[in-house]
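Below you'll find the structure, written out as structure tokens, and then a few comments.
The values are calculated or read from the model by the stated rules, or taken from the named source; none is laboratory data. Bear in mind that the values here come from a model prediction, so they are computed numbers and not experimental data. Note that each Cβ is placed from the backbone with ideal geometry, even for glycine, and that neighbours are counted across all protein chains shown.
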């Protein structure tokens, strides 16, 4: 028996050695600093490193998620693959082959699961993947950068996809968004969570006999400031804490640990994987790390401060032990004697600075204006009067570091409410009309205050000020116009957003059709919206309300249950009005006690919507609890003190025969 097992083992090892195209796994842990990986803090990642090659001096080309991942996938720098920021640029797979496309051309099945909306397929990053799971649920009112799902969910998707593969070679890309703001509760706690997810995933690979056979690459797209140079997060500055990343390559077969100290970069990942996978590599700037270690200067850039904040961009070159940063003021750091980059030695390194600037100019090229407007979108915007789009290309000499104060101020304003928040945001927007985050926050503040037309005009101005975000602002304007019952204008703006924001545009067009009682159009738009994975819950909610409009209240309740389950599964927020829709369906089915609970839940979720108060009060009148009904109307008026509310209260009470109470509210109009 022992001899038989030995023969089988030797046969398995021989098969592994002869495997032409081994499985390929890439694990990207977003925002993981290289200096936060150790045997103590990340034991599972450290264990992987003991089985492979650790590149201790690996650098990213951008402190932003989308450009950095595209450099990994193409072997090209951001100026070459064309995506320079997380928003406003779209990768064109016709210009450069991707890792996934190259592997698929060589017989691989290709799959991916990502944990952040910023890596959604519509950016072009999914090029070459057979399956790309980006079902990051919509969260009403959340900025794009905050849309994420737990890495535990994404890892589960990875396990299911890999388990379903047959004998055909496969490539899987697993993206985790821990650690990333908002931390839960700290950056290091998120690092530990990401490490635990990696441990579970590697355990799964071992159980299926894939770990030893596979090419496994673990890396990060960029680091995190953590206030080392005044930046809490990332995106603006180009210091080591934001650019140096962990990079571990475990080749297939025998485990061979070694460490490499020479500088390498993320553009080297693609050719390295293709060599290990036995596939020919297209021509790229990056070079395989399995033979000669690349020693060319490493270029990095951040245009975030220029595009978003009106400051100057930053570009840098790492050349062996020198890090040169070129911006409003030049910086040179000796990484060997000063790894924390505290002492700017430019005065004694003028030649190194001049050489680096020349290299930056050659590689980085000129600033390219982000432009997400295609011909069809431009035509629709022109029909709405947005003929002159403005420009994002204006140069500035303002130091990018000054923008850190602007970001800190925005975080401070986020804690304010009502008129105080609006006043501060108006002042900040006047100083920087192209700062989209301020415009989004200010528009939301006006919507919360019930001034939907003011919010819509603000978003419309955003289309002109920042044309790269025209689609997103058109959709925001459409939503505010819908809330203001300007249905024709809302529909026109939603149509203008179809190209770049298709899921949200079709959802809103369905809402508009439902409000007009055009149920056929509403159903058609709902069907289109349901085809987008990140809006499944909201699309189901629309379907439930269409069913209710058709008096199919039992079916509406069934759809609402599925809506709730889907939103929980995909990380979507419950749509606005969810509890009201449930209460309305329950009331029509005679389940009044359950309906009252749902109306109360809707009031708690949105105290500024008057309709749930009225419906709750009506149910209380019907069960002869007049005191409770009048108290509910009092709460409605207290939460929404306005003449319109008082008129609504009087009209409702009159309909219920409560004329004396109605007269008291009419006096306040």
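General observations
- Between 444, 421, 431, 414, the distinction of being outside the structural domain of residue 87 (by TED's automatic domain parsing) and within 26 Å of residue 314 (Cα to Cα) belongs to 431 only.
- Answer from 248, 267, 273 - the residue that is over 24 Å from the mean Cα position of the chain (by Cα), within 30 Å of residue 162 (Cα to Cα), crowded, with 24+ Cβ neighbours inside 10 Å and in the same structural domain as residue 22 (by TED's automatic domain parsing): 273
- Qualifying residue in region 236-258 (condition: outside any loop (DSSP other than H, G, I, E, B) and modelled with pLDDT under 95): yes
- Test: residue in region 610-632 that is modelled with pLDDT under 95, farther than 21 Å from residue 658 by Cα and assigned to a helix (DSSP H, G or I): no
- Residue within region 12-28 that is closer than 30 Å to residue 434 by Cα and either at pLDDT 95 or above or over 18 Å from the mean Cα position of the chain (by Cα) (or both) present: no
- Evaluating residue 288 against the criteria (1) farther than 15 Å from residue 61 by Cα; (2) surrounded by fewer than 19 Cβ atoms within 10 Å (Cβ to Cβ); (3) without any contact (Cβ under 8 Å) to a residue 40 or more places away in the chain leaves one unmet condition, (2).
- Residues located in region 469-501, provided they are assigned to a helix (DSSP H, G or I), surrounded by fewer than 22 Cβ atoms within 10 Å (Cβ to Cβ) and within 20 Å of the chain's Cα centre (by Cα): none
- Residue pairs whose Cβ atoms lie under 6 Å apart, sitting 6 or more positions apart in sequence or on different chains, and linking a residue in region 348-367 that is at pLDDT 90 or above to a partner that is part of a helix (DSSP H, G or I), are 353/346.
- Any chance residue 635 is in a helix (DSSP H, G or I), within 29 Å of the chain's Cα centre (by Cα) and surrounded by fewer than 17 Cβ atoms within 10 Å (Cβ to Cβ): no
- Residues satisfying the stated conditions in region 638-655, i.e. buried (at least 17 other Cβ atoms within 10 Å of the Cβ) and more than 41 Å from the chain's Cα centre (by Cα): 646, 649, 650, 652, 653
- Residue within region 160-172 that is assigned to a helix (DSSP H, G or I) and out of contact with any strand residue (DSSP E or B) (no Cβ under 7 Å at 6 or more places or on another chain) present: yes
- Among the candidates 577, 583, residue that is at pLDDT 95 or above and more than 30 Å from residue 113 (Cα to Cα): 583
- Scan of region 197-228 for residues that are surrounded by fewer than 23 Cβ atoms within 10 Å (Cβ to Cβ), more than 20 Å from residue 170 (Cα to Cα) and in contact with a helix residue (DSSP H, G or I) (Cβ under 7 Å, 6 or more places away or on another chain), ordered by number: 199, 225, 226, 228
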